[in-house]
Amino acid sequence: MDKLITFAVPCYNSAAYMDHCVETLLAGGDDIEIILVDDGSTKDDTPAICDRYAQQYPGIVKAIHQPNGGHGEGVNQGLRNASGLYYKVVDSDDWLDTDALKKVLDKLREFARQPDPVDLMVCNYVYEHVEDNTQKVMRYTNVFPENRVFTWADIGRFRPSQYLLMHSVIYRTELLRSCRLELPKHTFYVDNIFVYQPLPFVRSIYYMDLDLYRYFIGRSDQSVNEKVMVTRVDQQLRVTRLMIDAHDLKKIQSTLPKLGRYMFNYLAMMMTISSIFLIIDGSPEALGKRTQLWEYLRGVDGRLYHKMKYRAVSAVSNIPGYQGRKLSVKLYRLARRIYKFN
């Protein structure tokens, strides 16, 4: 590999905020590669900004222009062209803490000198809430050992609100390629597939208790805004079905029980989110899609279906009757206020 790490930055009409993102990445110096993927932007100067950075930093920044394919295709394009030993996606409206970045790069340089570099590095991320100018740090000190390389056998329990997101992971590039990661086009919420699919292929992990990634949240047009999620629920369903199909969780639980438990809970969370937004929609068609989703899971694995529907967190979204559906939505919105996840 030519570079230590590749940062892929999918950009779609991002001119208003992408400069801040890119400037924080450039603090990494000559060891890094930044791939700016212009995803068919037409409404602003995003294509010109990408080209300007590529011209200004020819040894660091690459600009790729593609027809609009959605966030997932931006991630795919970055991975196809990455020359870094490690690969991280940074959304164009987010940014990295420059002091934490330097410490992370120092540790990755150590791994790069080893015969078998670690497969996955995990760092904290910070919710930057625009609506009330507050922050919430998501850290993993209760889950992962610190200051040593470890495996899935060494992890603790994740809390219900605590998941590995795209913001917290840095994968070894060749691991992503070897597990044939390919995100669907024109689909939001594919970051869940990006994190979930490679997990069973990971053999070594390192955690740094650093607040590296700053996740800007709270704009009315963001994909995680509740009203937006209701209108895009079909894309959420597509992602959830792809995750159901990605792995045999029974097999994973038999060989890597702690990872299997985590992946079960992650998938249960995805089933819950999909179900809740179909309930919020409330139309007969939407409620029919909720039934179809659960029947799809039952068709893949009946045992998993029963365990997830009635005993996992997703049971919250399966309270029967009209009043039960209202209660499900109330519980979801209460959790959202407490944990401030969108």
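The values are calculated or read from the model by the stated rules, or taken from the named source; none is laboratory data. In this text, all values refer to a predicted model and were calculated from it rather than measured experimentally. Reconstructed Cβ throughout: ideal geometry from the backbone, glycine too, with neighbour counts over all protein chains shown. When the accessible area is computed, the model is the full protein with side chains, heavy atoms only, and any ligands, DNA or RNA have been set aside. Shrake-Rupley method; radii C 1.70, N 1.55, O 1.52, S 1.80 Å.
Brief remarks on what is shown
- Label point at Glu174 placed 7 Å out along Cα→Cβ; residues across segment 68-108 whose backbone nitrogen lies under 14 Å: 83-87
- In summary, segment 81-132 shows an alpha-carbon radius of gyration equal to 1.39 times the 2.2 N^0.38 Å reference for compact globular proteins.
- Computed magnitude of the charge dipole of segment 25-81 (debye, nearest 20; Cβ of K, R +1, Cβ of D, E -1): 80
- Among 160-170, 76-86, the order from most to least packed when residues are scored by Cβ within 10 Å on average: 76-86, 160-170
- Estimated dipole of segment 75-130 in Debye, rounded to 20 [Cβ of Lys and Arg +1, of Asp and Glu -1, Cα centre]: 320
- Note on the chain: with charges restricted to the Cβ of Lys and Arg (+1) and Asp and Glu (-1), its dipole about the Cα centre is near 1940 debye.
- Spin-label pair Asp2/Tyr310, simplified geometry with 7 Å Cα→Cβ offset, distance in nm: 5.8
- Among the protein heavy atoms of segment 1-99, carbon and sulfur supply 47% of the accessible surface, probe 1.4 Å, non-protein parts ignored.
- Reach of Lys258 by Cα under 14 Å, taken over aspartates and glutamates that are not fewer than 8 positions away in the same chain: Asp154
- The chain - mean residue ellipticity at 222 nm from DSSP helices (-39,500 (n - 2.57) per run, n ≥ 4, rounded to 500): -14000 deg cm²/dmol
- Axis angle, to the nearest 10 degrees, between helix 233-246 and the longest C-alpha principal axis of the chain: 80 degrees.
- Straight-line cross-link partners of Lys227 among the aspartates and glutamates, defined as a Cα under 18 Å from its Cα and at least 8 positions apart when in the same chain: Glu131, Asp281, Glu285.
- Helix 46-56 and the longest principal axis of the Cα set of the chain meet at an angle near 30°.
- DSSP-defined antiparallel bridges as percent of all bridges, the chain, nearest 5: 30
- Share of carbon and sulfur in the accessible heavy-atom surface of segment 225-291 [1.4 Å probe, %]: 54
- C-alpha long axis of helix 71-81 to longest principal axis of the chain, angle in °: 40
- The length gained on full extension between Asp154 and Ser254, counted as 0.36 nm times the residue separation minus their Cα-Cα distance, comes to 34.4 nm.
- Computed over protein heavy atoms with a 1.4 Å probe, the accessible surface of the chain works out to 44 Å² per residue.
- Percent accessible area from carbon and sulfur atoms, segment 103-143, protein chains only, probe 1.4 Å: 41
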